[in-house]
Amino acid sequence: MIAAIFSFLVMLNPFALFLYLKPVMNDLPDADFRSVFLKASLISFFIYLVFLLFGDIVFQKVFRINFESFRIFGGIVLFSFAYIFIVQGKKAFIQIKGDLHDLASEIALPFMVGAGTISLTILMSEQMELWQGVVSLALIMLANFVIIMGLKQIRRGMRSKSVQTAFDKNMELLLRINGFFLGAIGVDMVVTGISNLMAASQV
């Protein structure tokens with residue numbers, strides 16, 4: 001259970017998510033951002049819960065698609081986001097459009113819920129008891145929320161403008177660098193999906 005939680009947090013990557021959310025943090029008051037991020041966390045939790053309860057049935061019985069097809073599509077989406085992110089920087093993704101509920105949904109999908117995390121949720125449904133899976137998801141979302149809000153407070157605690165400016169510049173640099181890793185993950189998902197489909201066709 002602990003290993004599953006750790007693996008999920010690595011895939012969710014709250015540190016990268018903090019970088020993605022930084023423009024929103026700068027534009028929203030603290031209370032509004034906390035409310036938006038809490039709603040995004042709840043939306044993500046319930047989406048994960050659906051896949052935990054129904055697992056691979058969602059793909060095979062409801063949508064009637066091979067899970068590997070979903071993995072390949074998710075990889076293409078990740079690669080596309082990574083490319084835009086590297087080229088356009090921090091303003092390429094999340095933008096405030098007036099409705100905070102819509103903003104919460106935009107944060108949840110695809111930044112908190114993606115092909116990788118959905119894949120892990122389906123694996124959890126196969127390897128754990130239902131109650132263990134639910135508790136694990138709750139702990140994961142709580143840990144992610146605490147980390148993001150903690151990093152936000154650390155940034156706010158920097159009193160010097162020069163320190164904040166240096167921090168922001170380093171964050172933007174890390175944001176672009178993270179795009180390369182995100183793109184690599186996307187390509188790996190595509191390659192893995194194609195390999196699994198080819199292996200299945202040869203059986």
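The values are calculated or read from the model by the stated rules, or taken from the named source; none is laboratory data. Quick caveat: nothing in here was measured; it's all calculated off a predicted structure. Positions of Cβ are backbone-derived with ideal geometry, glycine not excepted, and every protein chain shown enters the neighbour counts. Each accessible area value is taken on the protein alone, full model and side chains, heavy atoms only, with ligands, DNA and RNA left out. Shrake-Rupley method; radii C 1.70, N 1.55, O 1.52, S 1.80 Å.
Below is a table of values for the structure above.
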item	result
Enumeration of residues in segment 35-60 that are within 17 Å of the chain's Cα centre (by Cα) and either among the small types (G, A, S) or open to solvent by 60 Å² or more (accessible area, probe 1.4 Å) (or both)	L38, K39, A40, S41, L42, S44, F46, V50
Identity of the residue in segment 1-11, more than 14 Å from V146 (Cα to Cα), in a helix (DSSP H, G or I) and in contact (Cβ under 8 Å) with a residue 12 or more places away in the chain, that ends up most open to solvent (accessible area, probe 1.4 Å)	M11
Answer residue from segment 83-136, given it is of a type in the set (F, W, Y) and either assigned to a loop (DSSP other than H, G, I, E, B) or within 20 Å of F73 (Cβ to Cβ) (or both) and is modelled with the lowest pLDDT among those	F93
Condition met for M128 (out of contact with any Pro (no Cβ under 9 Å at 6 or more places or on another chain), more than 16 Å from L19 (Cβ to Cβ) and open to solvent by less than 50 Å² (accessible area, probe 1.4 Å))	yes
Out of L123, L151, sole residue that is closer than 14 Å to F15 by Cα and surrounded by 14 or more Cβ atoms within 10 Å (Cβ to Cβ)	L151
Residue match in segment 191-198 (condition: in a helix (DSSP H, G or I), open to solvent by less than 30 Å² (accessible area, probe 1.4 Å) and out of contact with any strand residue (DSSP E or B) (no Cβ under 6 Å at 6 or more places or on another chain))	yes
Single residue of I65, I43 found to be at pLDDT below 85 and among the β-branched types (V, I, T)	I65
Residue count, segment 12-34 (criterion: over 14 Å from the mean Cα position of the chain (by Cα) and open to solvent by 30 Å² or more (accessible area, probe 1.4 Å))	7
Check on L182, within 21 Å of L21 (Cα to Cα) and touching a residue at least 12 places away in the same chain (Cβ under 8 Å)	yes
Residues of segment 131-160 that turn out to be among the charged types (D, E, K, R) and farther than 20 Å from L21 by Cα, as a count	1
